[in-house]
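All remarks here apply to the structure that follows.
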Amino acid sequence: MVQPKPLVKTISLATLTTLGVGGPAELWEVNTEQDLRLATREPFRVIGAGSNLLVADAGISERVIKLGPAFNDLRVYQGETDVWLGAATPLPGLLRRAANAGLSGLEGLLGIPAVLGGAITMNAGTRFGSMADSLLGLELFVNGRLERVSADSLHFGYRHSDLPTGAIVTRARLKLSRSSPERVTELMRQVDAARKTQPKVKSAGCAFKNPPGESAGRLIDLSGLKGLRVGQAMISLEHGNFIVNLGGAKAADVVELIKQVKQRVEVPLELEWRLWGFEQEVL
Ligand SMILES: Cc1cc2nc3c(=O)[nH]c(=O)nc-3n(C[C@H](O)[C@H](O)[C@H](O)COP(=O)(O)OP(=O)(O)OC[C@H]3O[C@@H](n4cnc5c(N)ncnc54)[C@H](O)[C@@H]3O)c2cc1C
């Protein structure tokens, strides 16, 4: 019998990232364990929704692995408080489903345009809660096979997880609690109201981590950097920690903006984004 193969094609990573910059790479869309084995035979990186990535204009030489539809389980049902879901499940849809089913726990992740695997890797969150708060366990593809680990073993912290090097999150076991659709929707409304205004144009979310006890956005704002522009990349006028692509921005423009911010803000700032395809220590 002929084995089905992963879908492989060359794409521009600008089309797979929310910031909309980045050059070419070979994309491997995988749906089975066998696909994962084939795809990981050569150096690779994993992409989720591409909402926390800055990719170099020259692209990257590694394969880019994307989990396909077999890892997208947009299914949560009323009363189901302990649920395994695929890592390609989009958070916004999951939150809607959970609200409709009267399941609580994920409301703090409202507005984060990630898929589950990316949200887990980054431990995405807001001041109302983070991904790790609802995580019981994970299925990882690591060292050529699938294995299950407890969430506790990954020592989640602020935008941080201790995933083993080269591990791909394939599924996650979430813990939810019974509530009602009305109550969950109301909590989501409160989170939405309290979240800072976010630019509607292309971005990759907050560029910098908040220094302890401070807001990176506030520091950038106080340094008078809102509106600073290099090419088509600009520090958002609405939110100092967002760099937006006004249309056709290059990664090189974004890098230059980041350098200027780091030089001009007195408190040391650490990037929250993951950088692909840059020389070590470019930033
Ligand atoms: C408008 C906007 C608002 C945002 N708001 C927030 C916010 O409020 N809070 C917040 O925390 N973030 C926020 N972000 C940033 C971003 O959504 C999060 O960092 C998110 O966790 C990234 O998930 P992703 O699926 O897009 O991952 P990607 O950006 O695709 O990848 C991020 C990292 O995770 C790795 N990765 C992805 N999937 C897997 C996997 N299955 N296995 C192993 N590694 C994997 C990638 O290799 C990469 O290193 C925002 C972004 C935007 C554009």
### Task
Kindly state, as a whole number, the per residue volume in cubic angstrom of the convex hull around the alpha carbon atoms of the range 72-194.
85
### Query
In the structure shown, do any of Lys5/Lys250; Lys209/Lys250; Lys9/Lys262; Lys200/Lys259 have a Cα-Cα gap over 26 Å, and if so which?
Lys5/Lys250; Lys9/Lys262
### Message
Please list, in order along the range 201-211, the HN-Hα scalar couplings obtained from phi with the Karplus expression 6.51 cos²θ - 1.76 cosθ + 1.60 (θ = phi - 60°), rounded to whole Hz, x for Gly and Pro.
### Response
7, 4, 7, 10, x, 5, 6, 10, 6, 6, x
## Note on the structure
Amide H neighbours of Lys202 at under 5 Å, excluding residues fewer than 5 places away on the same chain, with H built from the backbone geometry, are Asn245
### Query
Looking at Ala193, Leu19, Leu38, which one has the Cα that reaches farthest to the positive end of the dipole of the chain (charges on Cβ: Lys, Arg +1; Asp, Glu -1)?
Ala193
### Message
Skipping prolines and chain starts, which residues have an amide H placed within reach, meaning under 5 Å, of the one on Val46, given they are 5 or more residues away or on another chain?
### Response
Ile65
#### Entry: At 1.002 mPa s and 20 °C, Stokes D of the chain from Kirkwood alpha-carbon radius, µm² per second
109
### Query
What per residue convex hull volume, in Å³, do the alpha-carbon atoms of the range 147-268 yield?
181
### Message
Need one number: the % of Cα-Cα pairs in the range 216-271 sitting beyond the 15 Å mark.
### Response
38
#### Entry: 5 Å binning of all Cα-Cα separations within the range 7-69, expressed as whole percents from 0 upward
4, 20, 31, 25, 14, 6, 1
#### Entry: Residue-by-residue Karplus 3J(HN,Hα) for the range 49-62, coefficients 6.51, -1.76, 1.60, Hz, glycine and proline x
8, x, 9, 9, 10, 10, 10, 4, 4, 7, x, 9, 8, 6
### Filtered GluC sites (Glu not before Pro), the range 1-59: DSSP coil and at most 13 other beta carbons within 10 Å
none
### Message
I need the Debye-formula profile for the range 18-142: one equal scatterer per C-alpha, no solvent, reported as log10 I(q)/I(0) at q = 0.09 1/Å, two decimals.
### Response
-0.28
### Task
Divide by every residue of the chain the summed helix terms, -39500 (n - 2.57) for each DSSP H run of at least 4, and state the resulting mean residue ellipticity at 222 nm, rounded to the nearest 500 deg cm²/dmol.
-6000 deg cm²/dmol
### Query
Tell me, which longest segment in the chain has none of the trypsin sites (Lys or Arg not before Pro) that fall in DSSP loops with at most 11 further Cβ atoms within 10 Å?
42-126
### Query
Each residue of the range 213-228 in turn: what ³J(HN,Hα) in whole Hz from Karplus with 6.51, -1.76, 1.60 and θ = phi - 60°, glycine and Pro shown as x?
x, 10, 10, 4, x, 5, 5, 5, 4, 5, 7, x, 9, 4, x, 4
#### Entry: Efficiency of FRET from Cβ geometry, Ala194 and Ala252, R₀ 35 Å, rounded to 0.05
0.45
### Message
I want the antiparallel fraction of DSSP beta bridges within the chain, as a percent rounded to 5.
### Response
75
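Every number in this text was worked out from the coordinates using simple rules, so none of it is lab data. It should be emphasised that the depicted structure is a prediction, and the values quoted were computed from it without experimental measurement. Every residue, glycine as well, gets a Cβ built from its backbone with ideal geometry; the counts of neighbours run over all protein chains shown.
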